[in-house]
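Read through the structure below, which is laid out as structure tokens, and then see the notes.
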Amino acid sequence: MISKFKGSAIDLGWKFKAAYMASTVKEYEEYMALLDSEDTRIRPWLEKIGSHKWAKCVCGPRMYDIMTSNCAESMNNVDVSAREYSVAKLIDSLRVRMQQWFTERKEKAEKTTSFLTKNVKSYWFHFKVKLGNSGACTCGEFQLSHFVCIDAVAVIGFRPHLSCYDFISPYYTRHYWYSTWSAVMHPIIDPSSWVVPSNVLSIRCKPPLCEKMPVGRPRKSRIPSIGEHRGTKRKKCSRCHVVGHNKKTCRNVIPLPTSL
């Protein structure tokens, strides 16, 4: 958006962030009006994408805070060295890593003594809602996060029969956190102990047809999927500081510094 429309990159950035983080439609429209003041083409462009894909007040609680898909990219970066292994070794390497991650997170959950998880508890005082008898808030944040705020705590404090934990989703609790990482990953047993059906044993797998390897170093970078956008970084010359070429191919004349 910053490269497509006119306006300051800083202004477009914070106005768009405030728009997609808005909890109510009224607040959303206020920041969209600010984007209109920068460039009137921004709103139609965003509406064509679909506000339900990026605006928090429209997408609802089931998509709350899921704005990117960086999980796949993170796993690709972790598996850089493992990609060079054979298929069997690669699968076993992934199993070992997942087993290690599950064990570390399970032990961390076991050491937690509070009712809520550590990150959620530190986020306790960052919500602002007005809690009524309906159990909902006027700002919309309470419905999206399913977590109480300062105002909600103040209201609940005047009702001794109520507890703040009654208004928090169970997914924030230590019990759910521990259950998430309590799965057990069993290693592959020795091939001599495998129980293989007879119809599988009768199959003879021939090696795949191999073509001659191309000349040069084997490719290590991942092949992008169909429709995947990969940003390109433009070259900038370190000699003349002009975008479009590098120092080796620079032909621009550098003026000599003026003497004092």
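The values are calculated or read from the model by the stated rules, or taken from the named source; none is laboratory data. Predicted model, so just to flag it, every value in this text is computed and none were measured. Neighbour counts are summed over all protein chains in view; Cβ atoms, including those assigned to glycine, are modelled from backbone coordinates with ideal geometry.
Descriptive notes on the structure:
- Lone unmet requirement of (1) touching a residue at least 12 places away in the same chain (Cβ under 8 Å); (2) assigned to a helix (DSSP H, G or I) for Asp36: (1)
- Candidate set from region 58-83 (those that are modelled with pLDDT under 75 and among the acidic types (Asp, Glu)); member that is farthest from Met185 (Cα to Cα): Asp65
- Here the helices (runs of 4 or more DSSP H) wholly within region 141-260 that include at least 1 residues being at pLDDT 75 or above and either touching a helix residue (DSSP H, G or I) at 6+ places or on another chain (Cβ under 9 Å) or of a type outside the set (A, V, I, L, M, F, W, C) (or both) are 174-180, 198-201.
- Residues of region 4-24 satisfying the condition of being within 15 Å of Val58 (Cα to Cα) and at pLDDT below 85: Tyr20, Met21, Ala22, Ser23, Thr24
- Every pair of residues 6+ apart whose Cβ atoms lie under 8 Å, when the first sits in region 84-111 and is farther than 15 Å from Ile188 by Cβ while the second is surrounded by fewer than 15 Cβ atoms within 10 Å (Cβ to Cβ) and of a type in the set (Lys, Arg): Glu84/Lys220
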